[in-house]
Structures are given as C-alpha cells and as structure tokens.
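Scroll down for the structure; my scribbles are underneath it.
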Amino acid sequence: MRPEQHAPDAVQWHWLDFEALGVARLYALLRLRSAVFVVEQRCLFQDMDDLDAQALHVVGLRPQGDSTELVACARCFPPGVAFAEASIGRVAVRADARGTGLAHALVTQAVRALESQWDAQPIRIGAQAHLAGFYAQHGFVDVGRPYMEDGIPHLEMLRSA
C-alpha cells in the first residue's frame, strides 16, 4: 500500500459514541487495538475494560473501494473516568500507516473531539515513555509520575486547557 493512501487528508474522521460504532466498526476497532497492543507490543492485558461504553471514539477511516477500513483510533473521556481530568487513551494507528503524519492527525482529532464534547480543559494521558516527544508536540508535558504498565514504561502527561 502506498504511503499517500494513509496520508491524513485521505482519511475520514468520525467522533462516535459507543452505540454509534456499530458491530462491524467495533470489531475493526478491537482488532486494530489487539494488533497494536497485544500482538505488536506483546502485552497481555484485558483491552475490553468496560470503559469503551463511556468513551467518545475517534476513528480514522480510509476509503477502500465502495467501503472504508479503519486505520486509526483513540478514545476520549470526560473528567473523572480514566483520570480526574479529561483524557485520551488507546491511541492506535495501523503499522502500515505510520510515518505518514496520521498519528499526529489522530491526536489532533482526539483533542478537538474532547474539547468539542466537553469544552476546553486540561487533558491527562498515560503515554508510553518512548512517545513523550511525540505527545509534547501536541502540548502534553511530563508531570513526573512514571509508572510501569504491562511491562512498558509510561508517563503521566498533562496538556493545559
């Protein structure tokens, strides 16, 4: 697949609550998260954590003939669900779509979706430590709370309103 097929401008973005995902899109979302977090990163964890129903899901769909295929996803939460602040999590981009700017477009969409749904406010994330520089480009700052999750070093990062 050519990189331009995954370019951010070739992707259709949708902000969907759990019910609006539908069975096929939910299956694709769980499959992508499993491919990234369980298979690629070799983390055995319970992805289906009962929080998906409380999330606003940001999904990036690439046109594929007469249909679309999921290439990126994230979930956004209001304050008090994952952290005291609003938050973004389960940020995932298909392996063959990385390096195209799609991950940056996904985080930008997630911030916009969160602020549109729950107003501008601080956003806290639990970022894999090796991605601190990536998230810093979106205004997130390490707040000095490193921790291990599923064998991967993580940092709490905060983006001010």
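Computed from the coordinates by the stated procedures, all read-outs in this text should not be read as laboratory data. These numbers come from a predicted model, not from an experiment. Don't worry about glycine lacking a Cβ; one is built from the backbone with ideal geometry, like all the others, and counts go over all protein chains shown.
Observations
- Seen from all directions on average, the range 36-97 presents a Cα convex hull projection of 5.2 nm².
- Whole-number percent relative contact order across the range 3-159, with pairs defined as alpha carbons under 8 Å at least 6 apart: 21
- For the range 103-112, Karplus couplings with θ = phi - 60° (6.51, -1.76, 1.60), whole Hz, Gly/Pro x: 5, 5, 4, 4, 5, 4, 4, 5, 5, 4
- Charge-dipole axis of the range 15-133 as Lys and Arg at +1 and Asp and Glu at -1 on Cβ define it, positive-most pick from Val71, Gly22, Ser116: Val71
- DSSP beta bridges confined to the range 33-128 are antiparallel in about 90 percent of cases.
- Just checking the listed ones, Leu106, Leu29, Leu51: in the Gaussian network model of the chain with Cα springs under 10 Å, the one fluctuating most is Leu51.
- The stretch between Glu115 and Phe45 holds 22.3 nm of extra length on full extension. This uses 0.36 nm per residue minus the Cα-Cα distance.
- If you take all other residues with their beta carbon under 10 Å from the beta carbon of Phe18, and give Lys and Arg +1 and Asp and Glu -1, the sum is -2.
- Each of Arg112, Arg33 was scored by other Cβ atoms within 10 Å of its Cβ. Listed from fewest to most, they are Arg112, Arg33.
- Counting only DSSP beta bridges with both residues in the range 1-160, the antiparallel share comes to about 95 percent.
- Seen against the Cα atoms of the chain and their longest principal axis, helix 18-33 is set at about 90 degrees.
- Spread over its residues, the convex hull of the C-alpha atoms of the chain is 112 Å³ per residue.
- Springs join every pair of Cα atoms under 10 Å in this Gaussian network model of the chain, and among Ala127, Ala86, Ala95 the largest mean-square fluctuation is at Ala95.
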